[in-house]
1. Pull up segment 630-666, narrow it to residues that are under 20 Å from residue 551 (Cβ atoms) and among the hydroxyl-bearing types (Ser, Thr, Tyr), then point me to the one that is surrounded by the fewest Cβ atoms within 10 Å (Cβ to Cβ).
2. Looking at the structure I just gave you, is residue 219 surrounded by 24 or more Cβ atoms within 10 Å (Cβ to Cβ), among the hydrophobic types (A, V, I, L, M, F, W, C) and assigned to a strand (DSSP E or B)?
3. Taking segment 449-471 on its own, how many of its residues are under 20 Å from residue 353 (Cβ atoms), assigned to a strand (DSSP E or B) and out of contact with any Phe, Trp or Tyr (no Cβ under 9 Å at 6 or more places or on another chain)?
4. Can you confirm whether residue 529 is of a type in the set (A, V, I, L, M, F, W, C), modelled with pLDDT of 90 or more, in contact with an Asp or Glu (Cβ under 6 Å, 6 or more places away or on another chain) and not in a strand (DSSP E or B)?
5. Quick one: what pairs do we get from segment 512-535, first residue more than 24 Å from residue 148 (Cβ to Cβ), second part of a strand (DSSP E or B), C-beta under 6 Å, 6+ apart or different chains?
6. Are there helices (runs of 4 or more DSSP H) fully within segment 29-136 with at least 1 residues that are closer than 29 Å to residue 752 by Cα and hydrophobic (A, V, I, L, M, F, W, C)? List them.
7. Could you list all residues from segment 195-244 that are modelled with pLDDT under 95, under 18 Å from the mean Cα position of the chain (by Cα) and more than 25 Å from residue 568 (Cβ to Cβ)?
8. Here are 9, 95: which of them is touching a residue at least 24 places away in the same chain (Cβ under 8 Å), in the same structural domain as residue 231 (by TED's automatic domain parsing) and surrounded by fewer than 18 Cβ atoms within 10 Å (Cβ to Cβ)?
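The values are calculated or read from the model by the stated rules, or taken from the named source; none is laboratory data. Source: prediction; values computed, not measured. As a convention, Cβ positions derive from the backbone with ideal geometry for all residues, glycine included, and neighbour counts pool all protein chains shown.
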Amino acid sequence: MEKTPADAVDMIKQHYARLPERIAAVKQQLGRAMTLSEKVLFAHWQDDGSGLPERGVTTAQLRPDRVAMQDATAQMAILQFMTAGKERVAVPSTVHCDHLIRAKEGADTDLAVAENTNLEVYDFLASASSRYGLGFWKPGSGIIHQVVLENYAFPGGMMIGTDSHTPNAGGLGMLAIGVGGADAVDVMVGLPWELKWPKLIGVHLTGELSGWSSGKDVILKLAGLLTTAGGTGKIVEYFGPGTASLSCTAKATVTNMGAEIGATTSIFPFDSRMADYLRATERDEIASAAESVAEHLVADPEVLTNPDEYYDDIVEIDLSALEPQIVGPHSPDITRPVSRMANDVEDNGYPDELSAMLIGSCTNSSYEDIGRAAAVARQASAAGLKAKMPFMVTPGSEQVRETIERDGLLADLEAIGASVLANACGPCIGQWDRTDSIKNEPNSIMTSYNRNFRARNDGSAMTNSFIASPEVVTAYALAGRLSADPINNGVVSESGQNIMLEPPRAPELPAKGFDGSGTGYQAPPDSGANIEVKVDFNSDRLALLEPFEAVDKVAAYQDLPVLLKAEGKCTTDQISPAGKWLQYRGHLDNISDNMFSGAENIFAEATGTGCNVFTGTCGDTLSAIARDYRSRGQGWVAVGDENYGEGSSREHAAMSPRYLGCRVVLVRSFARIHETNLKKQGVLPLTFADAADYERIQMDDRLSFIGLDQLEPGKPVQINIQHADGSNEEIVAHHSMNDEQIGWFNAGSALNMIRQQQQQS
């Protein structure tokens, strides 16, 4: 299926050729103008004859143009695909080896270690890609989102990716949506992909960026305005004259971090800077094709004139007044301008001395990003300044790395003490073998990454992680203290001289073009029928999957104990932590030992522990307790708070609970991707009809779920709570499943239904 990135040109041209007619037809039905998001959604909508979708209500079927998977999530997705009985993927699909490379010594050493340590995983992914027709990007070629932006993203397209930061491609005007692996399997086997039709947030950008402010500050500001749950079930669409102030890669930074507000995805309108980026990455034909249908790759003029009539919410951001921002710790929506950071340090007692600084990753490793950081570094070198702590640079791709090395930008950063890590996710996702002792003490770090949950970067809950733009991080690396304001107050040199740093400037694209001689792409053969997929049956990292069994919808949902009641934020990082556990992403049994290991259980003192209602013992890990329940044939319930399952798209946060016997997850509210992942795996996701009922759940309760054999869309679920003192309470919960999703639940998983359909055809 996938040959080379260049082969996508014909597909894109065909898409553009159909686009005007499709949009015109929908406009006639709507009887109004259309936003950009609507144009892209409807261009990929599979009309089932039931009428136009309603925002926030209708679950619609869509046909994405392609699928992309990173190596950690691809393992389980491909293992699931293999059980579906298909010979080739139905749409262009790629695998990107970026998550399993651990950062420790530096690029060359770390990559060599990863290639040796993860050899069996890479062999499995490479052989499976060749067997089933997927493109394979080797370790070191780059981070999935940067590689997609450089090779596959196109204005007006739609893709899904098994990573929450897939929306990075929105910087090129694409609706790119993060999903779980089971969703990817649906599309790869040729089924439509389901999505509740999103509501729309319009972000109106006016003015122009200047000085130290960058695209990073746009999304950091927005995160502070909307919070981590403010975008749930919504697409964020940027519009207004300020969009032209942002380069294509700056736009990608903004859309990448839309994941931090829970948005389904984010998108910018097509403009000349996108066309410039396409041409700079040797996609001239796509640029010209997009220009020929440009009016269909932006919101209609009526929308821009009267946005209140077309968006569900409007946010105004004046770029001219936007100050550089810093967010954190522990959440990407704790936002303040640099000028207020010192006050926050004093008020909150954050460790003032910065212990490590990191820039790059998929979020901020563009030529422009590194160029602006290098501009700060050149000023520092001229003044005899160096970074006061370890300072690390993560290029987003081999293409970027080769280019910034050729143009001297890496040398500029190395001159102030920076070390260069591999083209991989590394510390951004917890793949950081941090060896200094300070990580086990209260300390502060600053990164230009996208996510800063507690223990996210280095595995230590003692680390306070802050996020800013690469240039701001570089300036703080010179200052050494969180309470310093190197932007407005300058940096003190060794001699005591105060050095004022000039606002950095850098070209958005390399004048000599990109250098990409070592991209590391492997195309599959025309036929993979004779290729053996490499799986060692004695491996502790890879294991073929056995289908989940369907369970009785009456008997199996009676008198279920509560394994845990999560207190406050419970992210997928807490449900299924990464770090050292990444090595088991292809082995469901082994990785399930991490289940809920980062969760705060109201019924236990220590993180990740609980009480066994059968043995009466407390303090065991939640995974061990769940395994004991499973050995007894006993299902169980997990109870959670607001926005349960926010964060990474990792489907192991749904698969491990299902594997260890979870029947129901009952919460105040869900994050979108995780709720979908639970549905796919046959776990019943429910929300309290009355959020206050969360408080009613006690440690030794038994919950019975009534009428699940007669489950219907929109029909509430009755829950009987039997307390240990013999008293009973009745509460009500809601579900969001449609008929097909109820079919998944009844079959035991979505994959079971796919398999059944395949056998019947």
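1. Only one residue fits best here, namely 631.
2. When the stated conditions are applied, residue 219 does not pass them.
3. Qualifying residue count for the region: 1.
4. So residue 529 does not fit the description; no.
5. Listed by first residue and then by second, the contacts come to 535/542.
6. Here the list reads 36-43, 71-82, 119-132.
7. The answer is 195, and nothing else.
8. Selected residue: 9, the only one of 9, 95 that is touching a residue at least 24 places away in the same chain (Cβ under 8 Å), in the same structural domain as residue 231 (by TED's automatic domain parsing) and surrounded by fewer than 18 Cβ atoms within 10 Å (Cβ to Cβ).
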